[in-house]
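Student: Take this structure, written in structure tokens, and hold onto it; I'll ask about it next.
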Amino acid sequence: MLYLFYFFAAISVIAALVVVSAKSPINSVIALVVCFLSIAAHYILLNAQFLAMVHVIVYTGAILVLMLFVIMLLNMNTIVEVRKPMVTRILAVVTGGLFFLVLLAATRSGLSTPVPEGFDPGIGLVKRIGMSLFQDFLLPFELSSVLFLSAMAGAMMLAKKDDPSNVNRPPSSEPDLRQAGPNEKAA
Amino acid sequence: MVSALDLHVLMVPAFPLLGAVVIGAMRRKLKGNTAGILGTALIALSFVVSAILFLHRGADEPTHITTLFNWIHVGAMDIPFAFQLDALSLWMMLIVTGIGTLIHIYSIGYMHDDPRVATFFAQLNLFSFSMLLLVMGSNFLVTFIGWEGVGLCSYLLIGFWYTTPEFNYAGRKAFVMNRIGDIGMVLAMALMFYQFGTLNYVDVMKQGGMMATGNPLIVTATLLLFLGATGKSAQLPLLTWLPDAMAGPTPVSALIHAATMVTAGIFLVVRSSVLFQLAPYTQDIILWVGVATALFGATVGLFQNDIKKVLAYSTVSQLGYMFAALGVGAYSAGMFHVTTHAFFKALLFLGAGSVIHALGGEQDIRKMGGLKGVTKTTYMTFLVATVAIAGIPPLSGFFSKDGILASTFAESPLAYGVLVFAAMLTAFYMFRLLFLTFFGTYRGTAHLPAGQAGPHESPKVMTVPLMVLAVLSVIGGALNIPHIFGGHDWLKTFLATAADGIGMERLELSASTEWMLMALSTSLVLLTIWYTWTLFGKKTTLDGEPADMPFLKRLIAKRWMLDELYAWLFEKPYSWISRHFFGIGEEKIAVPATVGTGKAALGLGEWLRKVQTGNTSFYLFGMMVGVVVLLIITLFGV
Amino acid sequence: MMENVMTAIRLVPLDHYLILSFLLFSIGMVGALVRRNIIIVIMCLELMLNSVNLLLVAFSAYHSDPGGQIMVFFIMLVAAAEVTVGLAILVLLKRNTNGVDMNQLNRLKW
């Protein structure tokens with residue numbers, strides 16, 4: 001059991017590191033898929049079978065495939081990403097490490113918390129989750145549908161091609177986003 | 001459940017309120033006399049309902065409470081919005097609505113040409129409504145609404161002709177002076193709530209009545225209540241607003257002086273008579289404040305030349321009498337004087353208004369005279385009122401004033417002496433006013449309105465109320481004929497059912513003493529009148545300001561320098577403090593502080609603006625650093 | 001059965017999950033800081049969300065409280081909505097600037 005955990009944990013961390021460091025976005029997405037699958041494995045280890053299924057379907061099946069789709073649609077592999085200066089990167093890594101340490105320190109009392117008495121093996125089952133979702137969390141559940149609706153509408157609005165007849169201003173006055181901002185000009 | 005009685009009770013204040021709202025809302029639509037007639041009709045309806053309530057009231061009917069709704073219910077505080085119907089409130093309702101109706105009728109004529117006549121009637125109705133609320137409230141708080149409403153309306157009406165700055169100042173003065181008294185009332189209410197846990201009159205009186213005489217709490221509460229009463233009823237030291245209140249239209253003066261407003265203080269004391277009965281210390285203060293005010297008003301009235309100012313100081317003086325009566329525990333005598341005074345003072349003011357109307361706005365009595373032949377009705381009614389206020393039998397003023405004098409004599413002969421002296425002064429200045437206005441020859445050059453040949457009598461709509469009031473002034477004394485004249489003290493008996501204090505009062509004077517006192521005061525007053533006649537009766541010339549007056553006379557003519565005293569005592573130091581606070585606090589501290597804060601924020605913004613690079617990674621970085629810092633702080637308690 | 005599941009789960013101490021979750025979160029954060037490609041930043045955000053999800057499920061399992069798992073549902077839900085909008089913005093950005101550089105968004109401050 002413990003070794004299984006270590007195995008999947010290692011996969012997660014390594015995959016996460018690849019996500020962050022891969023040069024090509026496609027590689028990043030593939031690594032993220034691996035990472036999420038390993039997290040799903042953790043869920044199963046934690047007896048949350050239903051959640052693991054949903055996780056695989058939603059994240060790997062929908063979100064990440066969507067990302068992959070977008071990357072390929074926009075032909076991103078051809079774009080060379082400008083790297084940030086070394087100082088910034090080192091600083092970011094140091095801050096991240098510090099953050100990790102602080103989080104650990106923050107929970108250092110929690111790390112020794114005794115495991116509570118009593119155990120219910122059935123909480124991860126569809127039935128229990130469904131009961132809980134539709135009884136205790138019905139209102140948030142319903143509200144989330146509104147959230148989805150608005151996200152959908154918003155995405156459509158954003159991604160829709162501008163109708164030239166709707167543009168009131170003459171094209172010359174439109175700010176050219178292709179040019180860098182004044183800060184970069186100065187630098 | 002709303003009974004027929006409740007319905008009647010509610011109708012009394014509802015009519016004027018309706019009038020105020022409707023006329024106020026439609027003041028631009030109502031043309032000509034419509035507003036006046038509507039307002040008058042509503043207050044008259046109110047009077048009719050009051051009269052019905054009065055006629056149907058049994059001899060010993062208990063206090064009736066009509067609860068409209070539960071107003072304040074917070075914790076232990078439970079204050080209903082309720083009306084109390086007993087002999088006292090009923091009597092006040094009759095006075096307010098009755099005299100109010102006559103004044104409304106009169107106003108139709110008086111305010112006929114004013115462009116804001118509808119506003120005037122709306123405010124007049126609101127005034128009546130406030131006063132009704134004041135007298136009908138079943139607890140101190142409802143009374144207090146009316147109390148404040150009366151103050152507001154007086155402000156509005158005194159400053160009715162707001163284009164003249166002085167009138168506005170007069171309105172403001174009345175407002176501020178009343179506020180000083182209101183503080184007393186508020187504090188008294190707080191104290192009583194603290195002590196009794198309720199503000200209902202019935203409960204407060206019941207609980208208060210069981211306390212020991214001279215209980216410091218009761219004494220404090222009554223003193224505070226009396227402070228409120230001095231403000232509203234223009235007693236020393238809060239009386240300077242009342243003479244200035246003459247700035248308003250004359251019917252307003254009549255309303256303030258006769259039916260509403262100034263009687264509120266008397267009413268409050270009588271309403272709380274049980275408490276005052278237990279505080280002899282307060283009663284002494286009331287007695288002497290009343291006596292001093294009576295003397296003050298009477299002396300100042302001697303040298304006033306404005307017809308309305310004379311009447312104003314006369315009101316101050318008469319209110320002093322009423323408070324003197326309350327001070328010796330003669331509540332019914334005080335209320336009786338309130339009633340008769342309402343009759344003849346309303347009459348005097350309306351008469352004065354008629355005279356002013358006749359002369360096209362002239363108010364200086366030195367420039368009047370000889371109006372007897374021209375304005376016959378006004379003259380006759382004015383004469384009646386003057387005789388009544390001077391206290392000559394058998395007119396109403398005699399009975400009421402005599403009741404007060406007799407009660408005072410029993411308590412303190414010194415106070416009696418001062419009051420009799422004040423009564424002589426009253427006779428003097430009132431007859432001086434009468435003689436200068438109506439006798440002799442016309443001395444004025446009054447700038448009359450175009451198309452008016454000379455002084456003229458007022459229209460019927462103004463003279464009829466005068467005649468009604470004259471009749472009341474004559475027979476009003478019959479309400480409370482004392483035993484020695486074979487009467488039964490009807491008003492006293494009537495009011496005794498309302499307030500325990502009235503029931504407790506008794507006059508321990510032998511009949512012979514009473515006869516003697518009456519004879520004494522009456523003869524002194526008659527003597528004064530004769531003296532006045534020799535001075536002013538045949539005046540034909542307009543005399544200017546005497547070059548040098550004796551010191552005392554000059555002092556009195558300047559109203560005992562009371563306004564100046566207040567200016568010197570309060571206004572000057574206050575202005576001084578304000579100026580210096582402005583110099584130091586405002587200019588040296590507040591302004592630099594506020595401007596400096598703005599500048600600092602601006603500078604800081606200028607500097608912090610650079611953080612907003614627009615670079616998302618930078619924001620993220622900042623956020624993370626912030627989280628780390630926060631966590632470190634919480635963890636290690638830095 | 002019940003005992004088995006319990007011992008199986010508790011074989012891995014809760015601390016381990018905490019550490020793993022923190023590690024993933026920190027990696028995601030560093031990634032978001034370091035990279036300039038927007039799609040990778042979005043992926044890093046997903047990673048951070050998932051580290052929290054993992055922690056929630058771990059706690060939920062240890063405390064036998066289904067509420068934690070419900071929370072994971074809602075987080076997934078928000079993540080899905082967020083990705084939808086985020087990708088739409090990405091497409092827009094690409095269309096307008098022919099690039100997916102984070103720094104090009106600094107014009108948004110005006």
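Student: Return yes when B:Thr198 is farther than 30 Å from B:Gly159 by Cα and not in a helix (DSSP H, G or I) and no when it is not.
Tutor: Taking the combined requirement at face value, the residue satisfies it.
Student: Same structure, new question: Condition first: farther than 18 Å from B:Gly320 by Cβ and at pLDDT 85 or above. Can you find one or more residues in the stretch B:262-272 that meet it?
Tutor: yes
Student: Kindly provide the set of residues from the stretch C:30-70 that are more than 7 Å from chain A (Cβ to nearest Cβ) and β-branched (Val, Ile, Thr), ordered by number.
Tutor: C:Ile38, C:Val41, C:Ile42, C:Val52
Student: Could you check how many residues of the stretch B:362-404 are assigned to a loop (DSSP other than H, G, I, E, B) and more than 21 Å from B:Lys460 (Cβ to Cβ)?
Tutor: Number of matching residues: 10.
Student: Sticking with this one: Filter the stretch A:41-86 for residues that are more than 7 Å from chain C (Cβ to nearest Cβ), of a type outside the set (Val, Ile, Thr) and assigned to a loop (DSSP other than H, G, I, E, B) and give the result.
Tutor: Matches in the stretch A:41-86: A:Asn75, A:Arg83, A:Pro85.
Student: Does any residue in the stretch B:612-638 that is within 18 Å of A:Val87 (Cβ to Cβ) come within less than 7 Å, Cβ to Cβ, of a residue that is aromatic (Phe, Trp, Tyr) six or more places away or on a different chain, and which pairs are these?
Tutor: Correct list of pairs: B:Met624/A:Phe99.
Student: If we scan the stretch B:131-140, do we find a residue that is within 21 Å of the chain's Cα centre (by Cα), β-branched (Val, Ile, Thr) and buried (at least 23 other Cβ atoms within 10 Å of the Cβ)?
Tutor: Scanning the stretch B:131-140, I find at least one residue that is within 21 Å of the chain's Cα centre (by Cα), β-branched (Val, Ile, Thr) and buried (at least 23 other Cβ atoms within 10 Å of the Cβ), so the answer is yes.
Residue-by-condition table, conditions (1) buried (at least 24 other Cβ atoms within 10 Å of the Cβ); (2) in contact (Cβ under 8 Å) with a residue 12 or more places away in the chain; (3) over 19 Å from the mean Cα position of the chain (by Cα):
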position	(1), (2), (3)
B:Phe160	no, yes, no
B:Met177	yes, yes, no
B:Phe193	no, yes, yes
B:Ala212	no, yes, yes
B:Pro216	no, no, yes
B:Leu223	no, yes, no
B:Leu227	no, yes, no
B:Thr230	yes, yes, no
B:Gln235	yes, yes, no
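Student: Please specify each residue of the stretch C:52-83 satisfying the condition of being of a type in the set (S, T, N, Q) and surrounded by 23 or more Cβ atoms within 10 Å (Cβ to Cβ).
Tutor: C:Asn53, C:Ser60, C:Gln69
Student: Could you say whether any residue in the stretch C:88-96 is farther than 21 Å from C:Ala32 by Cβ and within 14 Å of chain B (Cβ to nearest Cβ)?
Tutor: no
Student: Taking the options B:Leu620, B:Leu630, name whichever one is within 14 Å of chain C (Cβ to nearest Cβ), on the phi < 0 side of the Ramachandran plot and in a helix (DSSP H, G or I).
Tutor: The match here is B:Leu620.
Student: Next question. Can you find a residue in the stretch B:251-263 that is surrounded by 24 or more Cβ atoms within 10 Å (Cβ to Cβ) and free of Cβ contacts under 8 Å to residues at least 60 places away in the same chain?
Tutor: yes
The values are calculated or read from the model by the stated rules, or taken from the named source; none is laboratory data. Everything quoted here is computed from the prediction, not taken from an experiment. Please note: Cβ atoms are built from the backbone with ideal geometry, for glycine as well, and neighbour counts cover all protein chains shown.
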